[in-house]
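Only the coordinates and a few stated rules stand behind these numbers; no lab work does. Note that the coordinates shown come from a computational prediction; the quantities given were computed from them, not determined experimentally. We place every Cβ from the backbone using ideal geometry, glycine too, and count neighbours over all the protein chains shown.
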Amino acid sequence: MALPKRYSKEIEEKWQRVWEERGIHGFNKDSEKPTFVIDSPPPFTSGKLHMGHVLSYSYFDFVARFKRMKGFNVLYPQGWDAQGFPTEVKVEKKYGRLPKEEFRKKCIEFSNEMIKNMKKQMKAMGFSPDWRFEYVTTSPSYHKIIQLSVLEMYEKGLIYREKHPVLFCPYCSSAIAKAETEEKEEETTLYYIEFEYEDGQKKKPLIIATTRPELLHACVAVVVGKKYEKLDGKTAITPFGKRVKIFHDKDVKEEFGTGAVMVCTYGDKQDLVWQKRYKLDVVEGIDKRGKIKNSPFYDGFSIKEARKKVIKALEEKSKIIKKEKIKHTVKIHDRCKKEVELLPSMEWFAKVREHKEKIKEIAKKVKWVPSFTISHLFHWIDSLDWDWVISRDRVFGTPIPFYVCECGEVRAVEKEKLPFYPENAEKIVCKCGKEMKPEEKVFDVWIDSSVTPLIISGWKVDEELFSKTYPNSLRPQGVEIIRTWAFYTLYRCFFLTGEIPWKEILLNGNVLGVDGKKMSKSLGNVIDPDELLNNYSADAIRQWAAMSGVLAKDRPFSYEDINFAKQFLNKLWNASRFIEIALEGALEGEERISEVDVKELEEVDKWILIELEELIKDLEKRMESYDFRNYIVELQNFVWKKFCDFYIEYVKWRVYSGKKKREAQYTLYIVLSAITRALFPISPHISEEISSVVLKNQKTITELGWMSIEVGLTKEEKEKIKERVEMLNKIISEIRNYKARNQLSLKEELERVTIHSPIEISSVIEEIKNVGRVKEIELKSSNELRVEF
RNA sequence: GGGCCCGUAGUCGAGUGGUUAAGACGCCACCCUUACAAGGUGGAGAUCCCAGGUUCAAUUCCUGGCGGGCCCACCA
């Protein structure tokens, strides 16, 4: 068996099969080796990986493969975050409205389909999770652990149910968390509306400015700035005749609008502040589907319709003094992109506000890579002023394991009865005598994903595994979900176990379009992983990922990088083909080659081994600190610039002539062995192929392990050798330069060359003659290198 | 308004308190060399954003601008 002329996809598929058949990536529960546990992100089951996945999943696959080679027992699971709104939308589109239970079944079916394709893509990329540890957030066993985890938090007093204004998406008809909102700049109209106030017996006009006239019926006060300070305590009358109090308040911005504001429950967060400050009534002006309620005239109309009608009515009464176009920012729901409202609603909460400092403390115990990313978390924590709303009015989610009663009583489901599903819950009776209802809401999906370290470690399922694998070693994730995934995981896992979830967290940025902008369909700059997989080998794509490895920073996708990776692999492939020829017959027994003593080696052999030793030591440090970029760049430079450009050229004549051939073979063997193993974490398929075919290894590289190099020479000897061979390299460059200047072929033979060298270089004279194609060489000593032709 | 990251050839980007500031892509010229034209060799191309400061010495450290990106807050 010999290397084919070209590296191909078939080779990659072959090795993916071999790894799977031999169970190379399996975690061994009974092993005595140290464990390394990766809390890999479960992607949302959209059906397709995006470039961000390709990048970040490559990162931790590098780590997993490296750690296995270093003798760790690696637990690298793969999960799927299947529940959530986008799936509901798609399933509803396909099947229409269905009863809850059936609908949930269809959602599961649908997400399983999505998983199939994503799994296929992951395998094609050569990712190496242990598929026996696969988990899906839709499974009853997953639900059970999630419900159990919340019940334990409930017991610790961290969970409560309350009517409280929450961010609410009328389109999705569900409460959402602050972390699920985005901002959108919008043009809107600021209406100047005439109210009146009572000044003694007289009524005088008072102009307020608002963007939300449809909430006029929910107006519970007017607050005024300095300009109207003297109106404090007086009564205002809305155009529809409602009487409300006037307060003077420092939070009114004088320069905006008129300096007088109507407070509606709730138009925005400021209204909530004032409502609390002045203990105002709450008028629920909008219902959960975004329809007006509690209005004398407009109940049942949508916000937009109501706004039009109110404006029309006000205009008829000449109460609109002015209209002004302004730009302002509104909060929108990140999933549906629709405007979010603030509505009082009975929801479940997790206490985070009172534990802000504690969570920060926990976060500090984790090593953040790169370190500045912890500030993203701190900044987020500092800005939190509400607890985490953990309930959602959706179907495709983990049911909340509680019963609730009209009287306000709640009761936790018994742990033995988990997983809990409201549709087949048993009937129970409340203290008040009424029947309690099983809670119909489901959990926020971040409740599902914020305990992945516990899930993969077998929390409450396998105590032995848990003690071995928790805290996890590494959490890789994107910067943009620090405020959600990282934050919620730190919070939940700590309060459940008293320990940090993982020792290190590794942050990756986003992959932008080639144009440097966020990939989006509308910009047409989306790169599809499937398309890359059709045009490039997985090993080249993985190498692109490593080259893009500036951590926690967004980076445009680069065809230059991926093409360079492809060319590099081609270079290595061809070098290996040469070595295959060079080693013919030399690998009958590995011992024969390893017998060679360093002392017998030629100067150039020693040189490349010294360089290799330095490289390998460096690479270990690079990988330990997750510096993938410099890892691959250094490896590429060594292989291309030192090994191929010089060393291989230096030994060709020996290989062909037979002179000192064994030493050359030995050196080629060692170098190729070490570099295939060093390349393995990044580009595993090509490394396996070369290792197996050229180096005749029966074992896979994972089994062979990392290859350390120790050259048995003193520091001084090494320095001298490097000095002389670097001089040789310069001389060869000079000769090549001379030939290029004179438009000669590099093959052209030179009659005679005089070399003025500052150091003694007679030990490399054969290389100069054979590689430079020089018949006769005269050596002279000099202060500076000079080559005369 | 606050915080964080960043500014280095046409483009992308390493890196450094001290000789001549990597490398890649692109460009130009030459070479079909028995591993490789998906290659090789050589070359051109940089005010290291601007202004101050610290220092014997700043592209690097500090301050302030300017420009870009991300996150957060506010906007009745």
Dipole axis of chain A (+1 Lys, Arg; -1 Asp, Glu on Cβ), positive-most option in A:Ser295, A:Ser733, A:Met125: A:Ser295
Need one number: % antiparallel among DSSP beta bridges in chain A, to the nearest 5. 70 percent
Filtered hits (lysines, Cα-Cα < 23 Å from A:Lys106, offset >= 8 within chain) -> A:Lys48, A:Lys90, A:Lys93, A:Lys94, A:Lys116, A:Lys119, A:Lys120, A:Lys144, A:Lys441
Output the relative contact order of chain A, whole-number percent, from Cα pairs under 8 angstrom with separation of 6+ residues. 14 percent
For region A:313-324, in order, what is each residue's ³J(HN,Hα) by Karplus, 6.51 cos²θ - 1.76 cosθ + 1.60 with θ = phi - 60°, in whole Hz (x at glycine and Pro)? 4, 5, 5, 4, 8, 6, 9, 8, 8, 7, 10, 9
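Explain nothing, just the number: relative contact order of region A:661-789, from Cα pairs under 8 Å at least 6 residues apart, as a whole percent. Intermediate values should be presented prior to the final figure.
On the way: 123 pairs, mean separation 24.8, N = 129.
It comes to 19 percent, rounded to a whole number.
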Can you list the residues, at least 5 places off or on another chain, whose amide H is less than 5 Å from the amide H of A:Ile176, using H built in the peptide plane? A:Leu167, A:Phe168, A:Cys169
Would you mind checking the tilt of helix A:684-693 against the longest principal axis of the Cα atoms of chain A, expressed as 0 to 90 degrees and rounded to 10? 20 degrees
Once the Cβ-Cβ distance between A:Thr714 and A:Ser782 is put in as r, and R0 is 22 Å, what FRET efficiency do you end up with, to the nearest 0.05? 0.20
Rounded to the nearest 10 degrees, the helix A:9-22 long axis (Cα) sits at an angle to the longest Cα principal axis of chain A of 80 degrees
Could you give the dipole magnitude of region A:152-301 about its Cα centre, charging the beta-carbon of Lys and Arg +1 and that of Asp and Glu -1, in debye to the nearest 20? 640 debye
Taking Cα centroids, how far is region A:406-441 from region A:245-281 in Å? 40 Å
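Once the other residues with Cβ under 13 Å from the Cβ of A:Ile292 are scored (Lys, Arg +1; Asp, Glu -1), what is the net sum? Don't skip to the end; give the middle numbers.
Values: positive: A:Arg212, A:Lys288, A:Arg289, A:Lys291, A:Lys293, A:Lys304, A:Arg307, A:Lys308, A:Lys309; negative: A:Glu214, A:Glu284, A:Asp287, A:Asp299, A:Glu305, A:Glu341.
Local charge sum for A:Ile292: +3.
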Nearest-20 debye value, chain A charge dipole, Cβ charges on Lys, Arg, Asp, Glu: 2680 debye
So, relative contact order of region A:696-772 in percent, Cα under 8 Å, 6 or more apart, is 38 percent
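In which sequence would A:Tyr488, A:Tyr160 go, from the one with the fewest C-beta neighbours within 10 Å to the one with the most? Don't skip to the answer; put the middle values down first.
Numbers: A:Tyr488 24, A:Tyr160 14.
Arranged by neighbour count, lowest to highest, A:Tyr488, A:Tyr160 become A:Tyr160, A:Tyr488.
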Charge dipole (chain A, unit charges on Cβ, about Cα centre) - positive-most of A:Gly478, A:Ile207, A:Gln147: A:Ile207
Would you compute, from DSSP H runs of 4+ residues alone, the mean residue ellipticity of chain A at 222 nm, taking -39500 (n - 2.57) per run and dividing by the full residue count, rounded to the nearest 500? -12500 deg cm²/dmol
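For the pairs A:Lys291/A:Lys312; A:Lys203/A:Lys230; A:Lys642/A:Lys718; A:Lys571/A:Lys642; A:Lys365/A:Lys518; A:Lys652/A:Lys775, note any where the Cα-Cα span goes beyond 21 Å. Could you put the intermediate results ahead of the total?
Numbers: A:Lys291/A:Lys312 18 Å; A:Lys203/A:Lys230 15 Å; A:Lys642/A:Lys718 16 Å; A:Lys571/A:Lys642 13 Å; A:Lys365/A:Lys518 33 Å; A:Lys652/A:Lys775 17 Å.
Checking Cα-Cα distances, A:Lys365/A:Lys518 exceed 21 Å.
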With Cβ to Cβ distances under 13 Å as the rule, what net charge do the other residues near A:Leu532 carry (K, R +1; D, E -1)? -1
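Ordered by packing density, taken as the mean number of other Cβ atoms within 10 Å over each peptide's residues, highest first, how do A:356-362, A:623-629 rank? All intermediate terms of the calculation are to be shown ahead of the outcome.
On the way: A:356-362: 14.9, A:623-629: 18.7.
Most protected by this proxy first, the peptides run A:623-629, A:356-362.
Could you calculate the contour length gain from A:Lys33 to A:Lys227, that is, 0.36 nm times the residue separation minus the distance between their Cα atoms, to one decimal place in nm? Before the final figure, lay out the partial values.
Working: separation 194, 0.36 × 194 = 69.84 nm, distance 7.42 nm.
Stretched fully, the A:Lys33-A:Lys227 segment lengthens by 62.4 nm.
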Tabulate in residue order the Karplus-calculated ³J(HN,Hα) for region A:186-194, using 6.51 cos²θ - 1.76 cosθ + 1.60 with θ = phi - 60°, rounded to whole Hz; enter x for Gly and Pro. 9, 8, 9, 10, 9, 9, 9, 10, 8
Given the candidates A:Gln636, A:Leu583, A:Leu533, the one whose Cα lies deepest towards the positive end of the charge dipole of chain A, counting +1 at each Lys or Arg C-beta and -1 at each Asp or Glu C-beta, is A:Leu533
What number comes out for the charge environment of A:Leu216, summing +1 per Lys or Arg and -1 per Asp or Glu over other residues with Cβ under 14 Å away? +4
Can you list, by residue number, the Cys in chain A that have no neighbouring cysteine C-beta under 4.7 Å? A:Cys107, A:Cys219, A:Cys264, A:Cys336, A:Cys493, A:Cys644
In terms of Cα to Cα distance under 17 Å, which lysines are near enough to A:Lys29, apart from those fewer than 8 places away along the same chain? A:Lys67, A:Lys460, A:Lys468
Nearest 10, in degrees from 0 to 90: the angle of helix A:140-155 to the longest Cα principal axis of chain A is 60 degrees
